[in-house]
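Nothing in this text is a laboratory measurement; each read-out follows from the coordinates by a stated rule. Remember, it's a predicted structure, so these values are computed and weren't measured experimentally. Don't worry about glycine lacking a Cβ; one is built from the backbone with ideal geometry, like all the others, and counts go over all protein chains shown.
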Amino acid sequence: MLQDYAGIMTNPAAILWDMDGTLVDTEPYWIEAEIELMRAHGLDWTKEQGLQFVGNDLLTSAGILRAAGLDLAPETIVETLLEKVIERVRVAVPFRPGALEFLAAARAEGIPCLLVTASYRSLAEAVVASCPAGSFDGIVAGDEVSAGKPAPEPYLKAAAMLGLDPGDCVAFEDSVPGLTSAEAAGTIAVGIPHLVELEPIPGRHLWPSLAGRTIADLRGLRSRLSV
């Protein structure tokens, strides 16, 4: 992986980006939206409870709210939360440290970037619209897969969209479900913990941040499956 026929380390074929918590710090927006929705129906909800949603498929998160007493259809819960988060994103997009700089470096190197998110396309497009033009070559959204993270389908679909082997692609993730998805798909997955801890198991790549990182840092990485 990431190696040409002469044995010289080369750039990854593509970078597959998680969105919430990796590209942008929107997790607080989600938690605020959950608290507002629950309180509007006379139910308590806390930031600590909201952390269990990080990286989840949105319908899975809706199921957790319903189990906590929210008497709404899962689809209604998802639509309501999405509307609240999109409203916040349109006011301000809080990019994670080093994310925009890394995107710019990828563009300069000619490396395709795809957004692979558990959020739905409406929110993903709002975030992409706030990035420099040409930052992303496509989106795989949570409402466009049959099995979301932690299943491997989102990352398998992203690689297929580019006609690439997942093992030639680097994936950036901040959550347990997301990293599980990326690793199961066979990508060269890099965990960048944010609000939740990621277990440092053998062969797993963990970076504390994208800040200060360069494309050169990707060239020596290997998929856990090839270690």
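Which whole-number percentage describes the relative contact order of segment 3-90, with Cα contacts under 8 Å and a sequence gap of 6 or more?
Relative contact order for segment 3-90 comes out at 26 percent.
Using 0.36 nm times the number of residues separating A67 and A147, minus their current alpha carbon distance, what extension gain do you get?
26.7 nm is the gain from fully extending A67 to A147.
Which of the aspartates and glutamates could a cross-linker bridge to K149, judged by Cα under 14 Å and excluding same-chain residues fewer than eight apart?
Here the aspartates and glutamates satisfying the reach criterion relative to K149 are D18, D20, D57, E173, D174, E183.
Just how far, in whole angstrom, is segment 12-44 from segment 92-147 if you go by their alpha carbon centroids?
15
A160 label point, 7 Å along Cα→Cβ, cut-off 20 Å on backbone N: hits in segment 96-129?
Zone members listed by number: 113-121.
Which residues does the label zone of T10 cover in segment 177-195, counting backbone N under 20 Å from a point 7 Å along Cα→Cβ?
Flagged as within label range: 187-189.
Work out from phi, with θ = phi - 60° and the Karplus expression 6.51 cos²θ - 1.76 cosθ + 1.60, the ³J(HN,Hα) of each residue of segment 73-86, listed in order in whole Hz, and give x for Gly and Pro.
Values per residue, Gly and Pro as x: 5, x, 5, 5, 4, 4, 4, 5, 5, 4, 4, 5, 5, 4 Hz.
How would M161, M19 line up from fewest to most surrounding beta-carbon atoms within 10 angstrom? Kindly include the intermediate steps, with their values, before the conclusion.
Numbers: M161 17, M19 24.
Ordered from fewest to most neighbouring Cβ atoms within 10 Å, M161, M19 come out as M161, M19.
By counting other Cβ atoms within 10 Å of each Cβ, how are L70, L16, L206 ranked from fewest to most?
Fewest to most other Cβ atoms nearby, the residues stand as L206, L70, L16.
Cross-link partners among aspartates and glutamates for K47, C-alpha distance below 12 Å, same-chain residues fewer than 8 apart left out?
Straight-line reach from K47, under 12 Å: E27, E32, E34, E36.
Let me check against my output: what whole-number percent is the relative contact order of the chain, with C-alpha pairs under 8 Å and at least 6 apart?
26
Give me, ordered by chain and number, the residues 5 or more places off D174 or on other chains with an amide H under 5 Å from its own placed amide H.
I192
Per residue of segment 104-120, what does 6.51 cos²θ - 1.76 cosθ + 1.60 with θ = phi - 60° give for ³J(HN,Hα)? Whole Hz please, x for Gly and Pro, Karplus curve as stated.
These are the phi-based 3J(HN,Hα) values: 5, 5, 5, 4, 5, 8, x, 8, x, 10, 10, 8, 10, 10, 6, 5, 7 Hz.
What shape does the chain take by its C-alpha gyration tensor, where a ≥ b ≥ c are the square roots of the eigenvalues and a/c under 1.5 counts as rounded, a/b above b/c as prolate, and the rest as oblate?
Numbers: a/c = 2.03, a/b = 1.79, b/c = 1.14.
The shape class here is prolate.
In segment 117-133, whose amide N lies under 17 Å from the spot 7 Å out along Cα-to-Cβ of L59? List them in ranges.
Within reach of a label on L59, which here means backbone N under 17 Å from a point 7 Å along Cα→Cβ, segment 117-133 contributes 117-122.
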